[in-house]
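Engineer: What follows is a structure written as structure tokens; I'll ask about it next.
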2 protein chains.
Amino acid sequence: MKNMSILFLMMFGLAQAQSQSNPKVDDKLKSIYSTALLNGKSYSWLDHLSNQIGGRLSGSLNAQRAVDWGKAELDALGLDRVWLQPVMVPKWIRGTFEYAHIETSPGKTINVPICALGGSVATPLTGIKAEVIEVKGFEELNNLSRAEVEGKIVFFNRPMQADLINTFEAYSGCVDQRYSGAEQAANMGAVAVLVRSVNLRLDDYPHTGSMSYGLLPFKKRIPAAAISTNGAELLSSMISLNPNLRFYLKQNCKNLPDVQSYNVIGEIIGSEKPEEIMVVGGHLDSWDLGDGAHDDGAGVVQSMEVLRLFKEINYNPKRTLRVVLFMNEENGMRGATKYASVSKSKNENHVFALESDSGGFTPRGFSIDTSPEKLKTIQSWESYFEPYLIHLFVKGGSGADVGHLKTDANILAGLKPDSQRYFDYHHAENDTFDAINKRELELGSATMASLVFLVDYFSL
Amino acid sequence: MKNMSILFLMMFGLAQAQSQSNPKVDDKLKSIYSTALLNGKSYSWLDHLSNQIGGRLSGSLNAQRAVDWGKAELDALGLDRVWLQPVMVPKWIRGTFEYAHIETSPGKTINVPICALGGSVATPLTGIKAEVIEVKGFEELNNLSRAEVEGKIVFFNRPMQADLINTFEAYSGCVDQRYSGAEQAANMGAVAVLVRSVNLRLDDYPHTGSMSYGLLPFKKRIPAAAISTNGAELLSSMISLNPNLRFYLKQNCKNLPDVQSYNVIGEIIGSEKPEEIMVVGGHLDSWDLGDGAHDDGAGVVQSMEVLRLFKEINYNPKRTLRVVLFMNEENGMRGATKYASVSKSKNENHVFALESDSGGFTPRGFSIDTSPEKLKTIQSWESYFEPYLIHLFVKGGSGADVGHLKTDANILAGLKPDSQRYFDYHHAENDTFDAINKRELELGSATMASLVFLVDYFSL
């Protein structure tokens with residue numbers, strides 16, 4: 001009886017904990033959401049970053065303009081401290097042309113949209129023309145003989161798996177082709193690689209992204225380009241009609257020496273425990289084809305908005321709240337590693353870090369990387385979020401930038417927006433401001449600010 | 001002890017019920033979602049309905065073409081029965097012009113985008129020019145004297161409340177201006193009404209929609225038009241600079257006699273309880289400005305897809321599963337009332353009806369109108385939907401069409417997609433196919449099919 005009573009009480013207590021209610025907390029969250037939706041600044045910030053600055057690849061003039069803009073806007077918020085953290089970043093430039101066609105018979109060609117992958121070497125100025133060998137992945141490639149691959153263009157054409165509900169899982173299942181395809185194909189004697197764009201939609205946008213040659217010596221490196229999904233479908237069906245067709249591409253992208261850049265950082269110093277640091281952040285650099293509105297302009301302005309919302313609702317955090325606009329997430333992660341190493345050298349205590357780098361879509365919740373106990377506490381806050389339709393509090397990775405701050409004791413988290421449309425825009429020319437819905441963006445800011453508030457309020 | 005044990009067991013049993021798992025059911029849902037995402041037909045159907053037919057206002061040639069198309073597509077599915085249900089519908093036509101400007105001083109004008117509200121009378125051919133009195137709603141209007149209103153254009157300018165998370169609530173808070181504004185203003189001697197578009201975004205699209213003159217005799221009816229949100233903001237600020245500015249509008253819309261139209265109906269006859277009917281449906285008519293892709297082309301093709309998915313996964317429903325493409329939801333509801341009255345006269349037993357009429361966006365769950373017991377049973381199925389991120393099973397209204405089928409015993413439901421973008425497109429020129437995301441649309445079909453499957457499988 002006693003044991004059962006205890007068990008009963010435990011269950012009852014747990015049920016109570018899960019439906020806990022604290023009107024003061026409810027009010028704060030309501031203020032946060034109302035302020036974000038009625039008087040938010042994230043959308044006009046993103047308008048500027050997308051339309052007045054635009055794509056901002058690490059090392060570019062635009063990246064420097066974004067740094068200057070970020071610093072100026074954080075200065076204008078009246079934070080306690082705003083500074084630039086120097087970091088050397090790689091500089092890769094797309095060059096002045098990228099062009100491709102399918103040659104179905106001598107002199108008969110069909111143009112297809114391609115773009116160089118970030119980090120790729122150029123083709124010779126006159127381009128490369130070769131037969132194409134289509135594969136779905138590395139296993140299929142490695143089952144071929146060297147003779148079957150040598151002198152050819154390897155065409156990686158594994159599509160994203162459309163029946164996965166979380167499109168980031170589908171991304172994970174394909175991105176190896178883009179990242180390591182050139183290295184794998186070069187080792188088999190290929191002259192170039194062509195990779196199906198990592199996009200669930202059939203359309204005409206080639207999607208760029210980072211790639212690596214691994215340990216390949218410079219002279220063995222081969223050009224790597226992405227082809228649009230429509231282009232990939234066309235090429236594949238043309239190959240099935242004529243396996244000996246030839247593909248022509250040229251591009252004059254280039255790797256240059258590293259250049260100076262910066263993480264942009266601002267903070268509100270904690271009123272009670274200033275040495276305990278909470279970070280919110282996104283990455284300031286973007287690919288060069290579009291304006292980087294979703295990736296990751298959205299995360300940048302949402303993170304800045306968290307601090308602005310705290311000021312608007314007059315909440316002074318007990319801990320230090322820091323916004324970090326990381327440089328060079330896309331092709332080097334230099335900003336994140338620099339930030340983490342400086343923090344370590346200063347013995348800083350990051351108790352919490354939250355990243356937004358999954359697009360400015362309707363927020364659904366968070367992916368949380370922490371101890372089971374802390375995860376459970378965060379999950380017990382679910383009812384506070386119910387009015388805002390935030391329902392995902394799942395164990396998982398946080399983000400590429402804040403992931404570097406992992407300790408045994410802290411909490412890392414990533415905002416999880418609805419993922420259905422993300423890869424329509426990701427790393428492509430159409431990642432522009434018009435693809436952003438104001439309310440969806442603002443709900444993301446408010447959701448981030450609410451979690452930061454709860455972590456601070458309950459000193460988790 | 002005994003009582004406590006029972007209570008304990010009840011709690012434990014409940015917890016078990018809530019996390020119930022049935023691998024056969026899990027597999028069926030997985031088949032439904034995979035088929036919808038990998039091999040769905042809703043998107044290509046909607047492409048045709050939007051781009052080859054387009055806007056299809058009741059009584060128009062396009063509405064008839066949509067009826068013919070719907071019947072042909074249902075015929076092609078190999079259902080047990082497909083038929084047209086005749087219904088007389090109102091016919092209102094927009095006419096050949098609608099035009100407006102603000103006259104800031106004699107001869108100095110600024111054009112603003114307007115559109116006639118559905119059902120409105122025309123202006124005189126030469127238009128109407130008058131001073132404008134701006135109000136936020138009926139209370140403010142009724143506090144004015146007749147002399148302040150007489151001979152003027154009443155401008156209803158209450159915006160949607162942006163801090164409501166569910167945008168349909170914000171819609172409910174504004175739509176009275178559009179629906180009854182003309183009647184109210186005419187009673188005060190106004191010569192026309194201008195209504196702020198029911199849109200949360202600031203843009204240049206006027207949004208049409210239904211309106212009524214109530215019991216006003218024909219000769220007292222005044223023209224009613226919607227003005228874009230940007231136009232409304234401009235007009236309001238111009239009025240604050242010059243309260244005596246004049247507004248000019250003309251439109252030559254017209255009400256014509258009723259014409260013959262049809263609900264389009266198809267069914268799979270139930271294998272065990274054919275007399276128990278489950279309905280899925282959306283409305284086939286749309287407003288005329290756009291293509292009605294979200295409102296309600298999405299609901300039409302998602303409903304058709306439910307039956308197709310059942311065939312694809314080889315599930316024969318125990319009950320009769322009927323798809324109804326309702327005519328005339330937008331401006332008369334004649335299709336729904338006809339369907340309900342015919343059903344009643346035939347003594348049909350509708351055990352379940354599910355409507356999709358909230359846009360083709362990522363589904364979040366359902367609004368459910370039934371007894372508390374049945375609601376609880378549906379809520380106990382939540383875990384089946386977890387892998388698909390479907391989390392809302394809330395008590396609420398079902399839909400304008402299936403709502404007519406309400407009984408004490410049955411279950412009515414409405415699909416609840418993410419609502420943030422819906423009113424960007426609702427009843428406006430930009431409600432077109434390009435505003436539809438294929439995956440979001442398909443997830444909606446699969447979510448509907450899953451609920452229908454569960455209701456049938458568990459004979460709820």
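The values are calculated or read from the model by the stated rules, or taken from the named source; none is laboratory data. Since we're looking at a predicted model, the values are computed, not measured. Positions of Cβ are backbone-derived with ideal geometry, glycine not excepted, and every protein chain shown enters the neighbour counts.
Here's the yes/no breakdown for (1) under 27 Å from A:ARG322 (Cα atoms); (2) crowded, with 23+ Cβ neighbours inside 10 Å; (3) among the hydrophobic types (A, V, I, L, M, F, W, C):
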{"position": "A:ALA409", "(1), (2), (3)": "yes, no, yes"}
{"position": "A:ALA413", "(1), (2), (3)": "yes, yes, yes"}
{"position": "A:TYR425", "(1), (2), (3)": "no, yes, no"}
{"position": "A:GLU429", "(1), (2), (3)": "no, no, no"}
{"position": "A:PHE433", "(1), (2), (3)": "yes, no, yes"}
{"position": "A:LYS438", "(1), (2), (3)": "yes, no, no"}
{"position": "A:LEU441", "(1), (2), (3)": "yes, yes, yes"}
{"position": "A:ALA446", "(1), (2), (3)": "yes, yes, yes"}
{"position": "A:SER450", "(1), (2), (3)": "yes, yes, no"}
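Engineer: If you don't mind, there's one more thing I want to ask. Quick check on this structure: which one of A:VAL351, A:VAL324 is aliphatic (A, V, I, L, M) and closer than 20 Å to A:PRO86 by Cα? First the steps, then the outcome.
Structural biologist: On the way: A:VAL351 fails: closer than 20 Å to A:PRO86 by Cα.
Answer to the check: A:VAL324.
Engineer: Name the residues in region B:130-157 that are part of a helix (DSSP H, G or I) and crowded, with 16+ Cβ neighbours inside 10 Å, would you?
Structural biologist: B:PHE138, B:LEU141, B:VAL149 - these are the residues of region B:130-157 that are part of a helix (DSSP H, G or I) and crowded, with 16+ Cβ neighbours inside 10 Å.
Engineer: Here's something else I'd like to know. Taking strands (runs of 3 or more DSSP E) that do not extend beyond region A:32-129, which have at least 1 residues that are under 28 Å from A:ILE268 (Cα atoms) and more than 14 Å from chain B (Cβ to nearest Cβ)? I'd like the intermediate steps shown before the answer.
Structural biologist: Numbers: elements: A:81-93, A:98-105, A:108-111, A:114-116.
Correct list: A:81-93.
Engineer: Then there is this: Within region A:405-458, track down each residue that is aromatic (Phe, Trp, Tyr) and either part of a strand (DSSP E or B) or more than 16 Å from the chain's Cα centre (by Cα) (or both).
Structural biologist: A:PHE433, A:PHE453, A:TYR457, A:PHE458
Engineer: Now a separate question. Can you run down the residue pairs with Cβ atoms below 6 Å, 6 or more apart or on separate chains, where the first is in region A:418-429 and free of Cβ contacts under 8 Å to residues at least 60 places away in the same chain and the partner is of a type in the set (S, T, N, Q) and assigned to a loop (DSSP other than H, G, I, E, B)?
Structural biologist: Going by the 6 Å Cβ cut-off, the qualifying pairs are A:ASP418/A:THR362; A:ASP418/B:THR362.
Engineer: Let me ask something else. Taking the options B:THR123, B:THR96, name whichever one is buried (at least 18 other Cβ atoms within 10 Å of the Cβ), of a type in the set (S, T, N, Q) and out of contact with any helix residue (DSSP H, G or I) (no Cβ under 9 Å at 6 or more places or on another chain). Can you show your working first?
Structural biologist: Values: B:THR96 fails: buried (at least 18 other Cβ atoms within 10 Å of the Cβ).
From the options B:THR123, B:THR96, the qualifying one is B:THR123.
Engineer: Sort out which residues of region A:409-460 are within 16 Å of A:MET304 (Cα to Cα) and more than 14 Å from chain B (Cβ to nearest Cβ), and write them in order of number.
Structural biologist: Across region A:409-460, the qualifying residues are A:GLY414, A:LEU415, A:MET448, A:ALA449, A:LEU451, A:VAL452, A:PHE453.
Engineer: Further question on the same structure: Which ones in region B:361-408 are within 12 Å of chain A (Cβ to nearest Cβ) and more than 19 Å from B:ASP295 (Cβ to Cβ)?
Structural biologist: B:GLY365, B:GLU382, B:PHE385, B:GLU386, B:PRO387, B:TYR388, B:LEU389, B:ILE390, B:HIS391, B:LEU392, B:PHE393, B:VAL394 - these are the residues of region B:361-408 that are within 12 Å of chain A (Cβ to nearest Cβ) and more than 19 Å from B:ASP295 (Cβ to Cβ).
Engineer: Which condition from (1) crowded, with 23+ Cβ neighbours inside 10 Å; (2) touching a helix residue (DSSP H, G or I) at 6+ places or on another chain (Cβ under 8 Å) is the one that B:LEU245 breaks?
Structural biologist: Failing condition for B:LEU245: (1).
Engineer: Okay, next question. Is it true that B:PRO159 is touching a Pro at 6+ places or on another chain (Cβ under 8 Å) and in the same structural domain as B:LEU235 (by TED's automatic domain parsing)?
Structural biologist: no
Engineer: Here's something else I'd like to know. Looking only at residues in region A:163-189 that are hydroxyl-bearing (Ser, Thr, Tyr) and in contact with a helix residue (DSSP H, G or I) (Cβ under 7 Å, 6 or more places away or on another chain), which one is surrounded by the fewest Cβ atoms within 10 Å (Cβ to Cβ)?
Structural biologist: Ranking the qualifying residues of region A:163-189, first place goes to A:TYR171.
Engineer: Which residues, taken from region B:138-164, are free of Cβ contacts under 8 Å to residues at least 60 places away in the same chain and either within 14 Å of another protein chain (Cβ to nearest Cβ) or of a type in the set (S, T, N, Q) (or both)?
Structural biologist: B:ASN142, B:ASN143, B:SER145, B:GLN161, B:ALA162, B:ASP163, B:LEU164
Engineer: Considering each residue of region B:335-393, count those that are under 18 Å from the mean Cα position of the chain (by Cα), aliphatic (A, V, I, L, M) and closer than 21 Å to B:TYR33 by Cβ, and give that number.
Structural biologist: Residues that pass the stated criteria total 2.
Engineer: Name the residue, out of B:ASN62, B:ASN111, B:ASN51, B:ASN39, that is of a type outside the set (A, V, I, L, M) and not assigned by TED's automatic domain parsing to the domain that holds B:ALA446.
Structural biologist: Details: B:ASN62 fails: not assigned by TED's automatic domain parsing to the domain that holds B:ALA446; B:ASN51 fails: not assigned by TED's automatic domain parsing to the domain that holds B:ALA446; B:ASN39 fails: not assigned by TED's automatic domain parsing to the domain that holds B:ALA446.
Residue meeting the stated conditions: B:ASN111.
Engineer: Shifting gears a bit: Enumerate the pairs (first residue in region B:379-390 and more than 17 Å from B:ARG439 (Cβ to Cβ) and touching a residue at least 24 places away in the same chain (Cβ under 8 Å); second residue anywhere and of a type in the set (Phe, Trp, Tyr) and assigned to a loop (DSSP other than H, G, I, E, B)) with beta-carbon separation below 9 Å, excluding pairs fewer than 6 apart on the same chain, so at least 6 apart or on different chains.
Structural biologist: Note: pairs meeting the criteria are B:TRP381/B:PHE458.
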